[in-house]
Each structure stands twice: as structure tokens, then as C-alpha cells.
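Notes to accompany the following structure.
The values are calculated or read from the model by the stated rules, or taken from the named source; none is laboratory data. For clarity, every value in this text was computed on a predicted model and none was experimentally measured. When we count neighbours, we look across all protein chains shown, and the Cβ atoms used for this are built from the backbone with ideal geometry, even at glycine. Protein only, heavy atoms only, side chains kept; ligands, DNA and RNA dropped before computing areas. Shrake-Rupley method; radii C 1.70, N 1.55, O 1.52, S 1.80 Å.
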Amino acid sequence: MRDYFKPYFKKLERKFRVIYVEARGRGRSICSDTVFSIERDVRDIASLLRFVKIESAHVFGHSYGGFVAAQLAIEHPELTKRVIMCNTFHGAEGWQNNIDNCSRHVMESFPDQWEKLMTMRKKMKSNSLEWRIVYDPCITTLYWHNMSKQNIFLKITGNINAPEFAFPVNHSVIGYDSDFSVGGTMKNLDLRPGLKTLRMPVHVITGRSGKIAAVKRACEIQQLIPNFQIRIFHQSGR
């Protein structure tokens, strides 16, 4: 994640101490474990903050990281000065809604590929490499307001065709059929009761053109949190 965020967060480094967390099994963090969860990520970050003697931090989380940031604030409000949730959801229900949106998009916009995927589905789950090769190009347009920006982003970050999670982490957290249903350790995640308890400032960032984590999901979070600000970027995707 360091490579993903650092090019855009350099300005923050002028005024803040910025720590880029690459959780177990992701980025440059090597881990041989087979079970991963939001709860474990939260424990790790809380331990890290205490280790580096940060009493209270501004915590930013994008996509799945938004779950971790929110859960950290819920469990450890004393460590969380402010929460920024970017293109994320309030739990497994929102993630499932996103999965369903993606499936509808592929089915309606790429019917030939959808037919191929349905044939493949008889032999494999949706987290196989063979599935990803067919499925992922079909949903690329859901991420961008302007597709010409994609190559610029990839050039800056070097994040070429990188999955959000390594396969072992994806299998553990979301399950082996993650393009159809939320399973794994995230299956029953519901942040809504905890979000209602937050008293620190919470900011949610989303892009008007993003069909992954759509604006509606951000508005659902807005209704739950007392001290909340939402920022919608109108010429932006995910």
C-alpha cells in the first residue's frame, strides 16, 4: 500500500508524520499465516501506534482499509483523533451490494464474457487466477471517471494489475467466491452499531463517477455518524 498512497500523500509529510501500514500478507509484509481478519488488522495497528508512541492519530482507510480505520476508531477511540473513510462501506452488506453491481455490469455490458464466466463457474470458484483474467478487465471501467487517467495512475504508482489483496488474504477475509458472495472472516461484519458511537470527526470521501463503492454507500454511512462530513468529488471515480 505504500507504493499505492505515497505519491499522493507526499504533501502531508510536510506537516504530519505519515505512517504507511502494509498489513500482514499485503504489500511488502510477508506472512505465512492462513487466517486474516479486520479484527487482527485492528490489533496490529493499535499495537503499532503504541509502539511508536503516537497517542492519537488521524487514520485514513481506503476500500477494505475503511473497515479497519472505522473499527479501530470504534474499539480504540483514545488512539483515533480523526477518521477518513475513502470509497468504503458500513459492512458486509455494502460489500455484497457492490459485488452484485459488478455482476450486473458484466452481465449487461459484456454478455459474451459473462457467458464464458458462467461456463467457467461450473469448474471453479471466482477467486481462481483463470477467472480473474476474464473478469477483471470487464469491471475496469467502473473504477474511473476518465479511463485515460488509468495509465497515468499506473505509471505513478507502478501498481500494474495488482489485486487489492494477495490471494491468501482475499480467500481468508472475503472467501473463495468473492465475486458472488461475501464469506470468510468478513461475512458477518456490521459496523453500523459501532459507527453510531463515534464522537471524533469522521470524513467520508467518494467519487461521483465511481461504481465501485458508489456514492449511495457513503450517504448510508453519513446517516449513522453524529460528527460527520462527506466530500463527493464530481469528476472522480474510485
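Charges were assigned to the Cβ only: +1 to each Lys and Arg, -1 to each Asp and Glu. The resulting dipole of the stretch 172-238 about its Cα centre is roughly 300 debye. Surface exposure of the chain, expressed per residue as accessible area with a 1.4 Å probe, stands at 55 Å².
Considering only protein heavy atoms and a 1.4 Å probe, what is the carbon-and-sulfur percentage of the accessible area of the chain? The C+S portion of the solvent-accessible surface of the chain is 54 percent. Of all stretches in the chain that contain no GluC sites (Glu not before Pro) in a DSSP loop with at most 16 other Cβ atoms within 10 Å, the longest one is 56-163.
Note on His145: accessible area approximately 90 square angstrom, rounded to 10, probe 1.4 Å, nucleic acids and ligands left out.
The alpha-carbon of Lys125 sits under 24 angstrom from the alpha-carbons of these lysines, leaving out residues fewer than 8 places away in its chain: Lys116, Lys187, Lys211. Under 14 Å of direct C-alpha separation, and excluding same-chain neighbours fewer than eight residues apart, Lys10 reaches no aspartates and glutamates at all.
Between Phe180 and His58, the FRET efficiency from the beta-carbon distance, with R0 = 35 Å, is close to 0.45.
Shape class of the stretch 183-224 from the alpha-carbon gyration tensor: oblate, with a/c at 1.5 or above and b/c at least as large as a/b.
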